[in-house]
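The values are calculated or read from the model by the stated rules, or taken from the named source; none is laboratory data. All figures in this text were calculated on a predicted structure; none of them were measured in a lab. FYI the Cβ positions are ideal-geometry reconstructions off the backbone, even for glycines, and counts take in every protein chain you see.
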Amino acid sequence: MGAGSSNTDAWGVQSYSLSRDALSKLDKELEIKQHYSSSEIDPFNRFPSIRIWDKSFEWFHEYYLGKVTVLVDPITSVNTLTVRAYNPEIALKINQSLLGLSEELVNQLNLRARQDLMKSAQREVDIAKNKIQDVSKEISLIRKKEGIKDPDAQVIQLQSLHLEREFADKQLAASLSSLEQARTEALKKQIYIERVANPILPDNAMEPRRIRGIISTFLLAMVLWGILSLLISGVREHHA
């Protein structure tokens, strides 16, 4: 998946995908802890593995990090998400769910960024509008007054208020322009996730690599047998 427009966004998505928060939501949605604890999985690979006494969420998170990997390409900012499970359907569901959770995270970040960026600009617009309303009301009240003793003072006061109104109009125009710029800036800073390649249901198990495992075990056994034979021969020669 292509994450955002910078490496920072890509690393952010990676961190979230491997976080305890994401794991908690996955377990609530898919009950993956139950899947990885199945008795059908061999004791060394199922949860809680060798720490049979520890079924805590912290240890499950460590186990989870061994089953889910997110690799970030520092040049293209493309994240490659890989999920290992003991059932192809579960692996696919986990992958799809992690993509969905990452998209939700990005949407929340975008919403918060827009709100934070536009809040100040909107406040300036509201202040200018309120100022115009207050000045307009004051002008209206002065005009409605009857029996004013000093008409010249009234004219001066009205002129002052009109100048204040004109200044407030200019402030409002500037504030609206700033608000529009804030909207444009918010769109520029928007983070996004684009699915470069969608996860698919595996039609063949890639792991465990049995032939490689058998050969490795055989070679290791031969090495151990050779070492043991040398030790036994050395002991016999010593006694002889």
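Where helices (runs of 4 or more DSSP H) fall entirely within segment 1-72, those with at least 3 residues that are surrounded by fewer than 17 Cβ atoms within 10 Å (Cβ to Cβ) are at 7-17, 20-30, 57-65.
Whenever a residue of segment 154-178 is more than 28 Å from Leu117 (Cα to Cα), it has no partner that is modelled with pLDDT of 85 or more and among the small types (Gly, Ala, Ser) lying with C-beta atoms less than 6 angstrom away and at least six residues away or across chains. Evaluation of Asp54 against the conditions (1) closer than 25 Å to Ile200 by Cα; (2) charged (D, E, K, R); (3) without any contact (Cβ under 8 Å) to a residue 40 or more places away in the chain shows that the sole unmet condition is (1).
Could you tell me whether Ser120 is exposed (fewer than 15 other Cβ atoms within 10 Å of the Cβ), assigned to a helix (DSSP H, G or I) and small (Gly, Ala, Ser)? It is true that Ser120 is exposed (fewer than 15 other Cβ atoms within 10 Å of the Cβ), assigned to a helix (DSSP H, G or I) and small (Gly, Ala, Ser).
The condition of being surrounded by fewer than 18 Cβ atoms within 10 Å (Cβ to Cβ), in the same structural domain as Leu201 (by TED's automatic domain parsing), closer than 18 Å to Glu194 by Cβ and at pLDDT 90 or above holds for Gly100. Applying the set (1) of a type in the set (Lys, Arg); (2) surrounded by 13 or more Cβ atoms within 10 Å (Cβ to Cβ); (3) outside any helix (DSSP H, G or I) to Lys93 leaves exactly one unmet item: (3).
Quick one: is Arg114 more than 13 Å from Glu164 (Cα to Cα), assigned to a helix (DSSP H, G or I) and modelled with pLDDT under 80? For Arg114, the condition - more than 13 Å from Glu164 (Cα to Cα), assigned to a helix (DSSP H, G or I) and modelled with pLDDT under 80 - is met. Assessment of segment 179-201 against the conditions (in a helix (DSSP H, G or I), exposed (fewer than 10 other Cβ atoms within 10 Å of the Cβ), of a type in the set (Lys, Arg) and under 32 Å from the mean Cα position of the chain (by Cα)) yields at least one matching residue.
Looking only at residues in segment 105-117 that are charged (D, E, K, R) and surrounded by fewer than 16 Cβ atoms within 10 Å (Cβ to Cβ), the one that is farthest from Ser15 (Cα to Cα) is Asp116.
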